[in-house]
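The values are calculated or read from the model by the stated rules, or taken from the named source; none is laboratory data. Note that the coordinates shown come from a computational prediction; the quantities given were computed from them, not determined experimentally. SASA here: full protein model, heavy atoms, side chains in, ligands and nucleic acids out. Shrake-Rupley method; radii C 1.70, N 1.55, O 1.52, S 1.80 Å.
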Amino acid sequence: IVLQFLIAALASLLHKNLSLRNQVVDLQDEIARLNIGLLACNVSSSIDFRLLETAAVDLYAGQGLKHLSLIASLALLSIPLLVFKYIDLVSKSRSSDAASEEVSLSKQLAYRVDVFLSVHPYSKPLALLVATLLLIILGGLALFGVTSDGLADCLWLSWTYVADSGNHADSEGIGPRLVSVSISFGGMLVFAMMLGLVSDAISEKFDSLRKGRSEVVEQNHTLILGWSDKLGSLLNQLAIANESLGGGTVVVMAERDKEEMELDIGKMEFDFKGTSVICRSGSPLILADLKKVSVSKARAIIVLAEDGNADQSDARALRTVLSLTGVKEGLKGHIVVELSDLDNEVLVKLVGGELVETVVAHDVIGRLMIQCARQPGLAQIWEDILGFENCEFYIQKWPQLDGMQFEDVLISFPDAIPCGVKVASCGGKIVLNPDDSYALQEGDEVLVIAEDDDSYAPAALPTVKEASFVNVDRSTRKPQTILLCGWRRDIDDMIVVLDAFLAPCSELWMFNDVPENEREKKLIDGGLDLSRLVNISLVNREGNAVIRRHLESLPLESFDSILILADESVEDSAIQADSRSLATLLLIRDIQAKRLPYREAMVTSVQRGSFSQGSWIGEMQQASDKSVIISEILDPRTKNLLSMSKISDYVLSNELVSMALAMVAEDRQINHVLEELFAEEGNELQIREADLYLREGEELSFYEIMLRARQRKEIVIGYRLCNAERAVINPPAKAERRRWSVKDMFVVIAEKE
């Protein structure tokens, strides 16, 4: 542009000088001719020849001003060329000096320009504006030098050439045409750059929206940090929890592409029930990304554990908690952290303080497997209580109940079952299964199991018969023989829990492919003190749980319970771990079925489900009646296979952990309830036989059974009829009387035996 403009300006200047000189010569000749004519007519005395000379001088001065403007425009255009040429010469002279290590001047200038354009967000539009103004000013000066118009008119004309390249078509003369074409060409380049900047800005904005970089403007939302295979179950539980509110908002931030996250969430086969899920790409370790998802306004923050190494996952969770505690605006809600190893829980709580609630996934599943091994069918009850689809725990204050004893509070809720009290005088401590004589005080809250937080309220006390019959004798625990198939990183914690739950003289068989001479060292490194095991003795067997001949070396028919663990070597892959667990389960059931006495098989031959007793699945179903197998299942699809075959009392790890995370996210107080129910001491869920509370064929209301259970200091929360497959938690119509059988089962909250 500059070269073209210079050539056009020089040509116009030469043409104009020649034209002006010719005009001056013609004007002088005309003055001389007029003087001669006037003298001849004797009227020369009345004419002021000085006026004519002054007009000529003014004309010449105006032409000089136009020349000056044209020269100024040329000089302004040539200055950048001279400066760049000088910089280039200086740079070459410096580079010729071999001893000099200084950066060339041209590189320094290029670097400064690059830094300016990179650091300042509005540098490109500003540079474009300056270039446009310079083009208009220089073009206006050049037009002023080659035309007879005023400076203001020339500046306006220069702008019209810049704005519309077709306006120069009306120019006349070589000089004006050359200048107008140069200005129009520069204007086309300016507007091309402007369109490029606008296009880049729009593309960058859409790219930011597509990649999830925009800010989330929400309040009282649930924030999930991280991505794992538990996310689907977690979103499902949160959607069910928010259904009564007409839906809510869940924000997911992970180090993944936003479109990929939205695509994976869109494939989830459940109804979000009005809950909207917003995805953002970012790292929870960066404060700017946390502010982008309105972390300070979230009512709950869930930190998911990463798939893979447990220590690395917990270390990242710890760094995430540190980042969250560093938010300057503070946090409105609490933090729920999923951990993989129980040993790291203390450190996370130390860093997070009162803001943090922890859920140790492996520890929860391990304890639940042990409880289910002792009491088959407990897994389904835990699914009902932990999930929001049926009944769950709620804590609420009821001032009208102040002064009422707990035995009366127990039957005051037609649509809920009280099971504890949050005692205000003890700093808000939650007491499960309190004494009947405890009277509610001002500020106390009642812990109940109900369908929803707005589905229950206290009512007038019903008329209930006094409990006349109850078997208060507690059955003594008997020694058990339990088999652990597989090896988990927290198997030492499971052994400690089993030692607390089992009766003395029990045996724990450990069957896995870890060499026997290395097991004791691993257990000790995990924190297990073998000398403190008082109720169980360890029996080690080495072998592969998916090889039939290795399993056949075990007395599988003699075990009371068999726990199939997701082996540590394949737990990173849910499909591979479940395939291994399923293969082990089928092999064990088949071996057990083959070892059943033939006469017993013929006597108990019945039709079960859609499988005949003569089929291989029927034989394994019969074997399942002789011992309990608890399989740790990670993928819901594997769960469906086991549910159809009915050959195992399964535990669905990911789904149960997601339920616990969602429940603690909705109300952090529930975490203390779950911790006690899973602990070695205190209260727990138990399944009791009906003959502890009633006689065969006796007609009783559920309220009457609840009062009879109170004599054993138990709280009945549900029942399972002898001909039913699932238990009913928090049954309706509790005051209606019905006929019961001693083969029925009751679900209670009772102190651990």
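Subtracting the Cα-Cα distance of GLU354 and LYS465 from 0.36 nm times their residue separation leaves 35.4 nm of extension gain.
If you average the sequence gap of Cα pairs under 8 Å that are 6 or more apart and divide by the length of the range 487-578, what percent do you get for the contact order? Don't skip to the end; give the middle numbers.
Working: 87 pairs, mean separation 32.9, N = 92.
This gives 36 percent for the range 487-578.
For the residue pairs LYS292/LYS397; LYS267/LYS639; LYS297/LYS349, alpha carbon separations beyond 28 Å are given by LYS292/LYS397.
The figure for LYS107 is an accessible area of roughly 140 square angstrom, using a 1.4 Å probe on the protein chains alone.
Going by accessible surface with a 1.4 Å probe and the largest first, LYS639, LYS124 read LYS124, LYS639.
Spatial offset of the range 245-289 relative to the range 694-753 amounts to 42 Å, using the alpha carbon center of each.
Give me the percent of the accessible area of the range 361-487 that comes from carbon and sulfur atoms, probe 1.4 Å, all protein chains in place.
Details: 2390 of 5210 Å².
Carbon and sulfur together cover 46 percent of it.
The listed residues PHE270, PHE388, PHE206, PHE116, once ranked by accessible area (1.4 Å probe) with the largest placed first, stand as PHE206, PHE116, PHE270, PHE388. At full extension, ALA131 and SER214 could sit 26.7 nm farther apart than now, given 0.36 nm per residue minus the alpha carbon distance.
Beyond 32 Å in Cα-Cα separation lie the following of the pairs LYS291/LYS522; LYS594/LYS713; LYS205/LYS328; LYS429/LYS743; LYS273/LYS734: LYS291/LYS522; LYS594/LYS713; LYS429/LYS743.
Heavy-atom accessible area per residue, the range 358-495, 1.4 Å probe: how many Å²? Counting only protein heavy atoms, the per-residue value for the range 358-495 is 39 Å². Taken one residue at a time, the phi angles of the range 223-229 give Karplus couplings (6.51, -1.76, 1.60, θ = phi - 60°) of 9, 10, 10, x, 9, 8, 6 Hz. Gly and Pro are set to x. The 3J(HN,Hα) values that the Karplus relation (6.51, -1.76, 1.60; θ = phi - 60°) gives for the range 452-460 are, in residue order, 7, 6, 10, 9, 9, 6, x, 10, 5 Hz. Gly and Pro appear as x.
Cross-link partners for LYS258 among the aspartates and glutamates, with Cα-Cα distance under 15 Å and sequence neighbours closer than 8 places in the same chain left out: ASP207, GLU215, ASP289.
DSSP beta bridges confined to the range 328-459 are antiparallel in about 75 percent of cases. When you restrict to C-alpha pairs under 8 Å that are six or more residues apart and normalise by the size of the range 383-538, the relative contact order lands at 20 percent.
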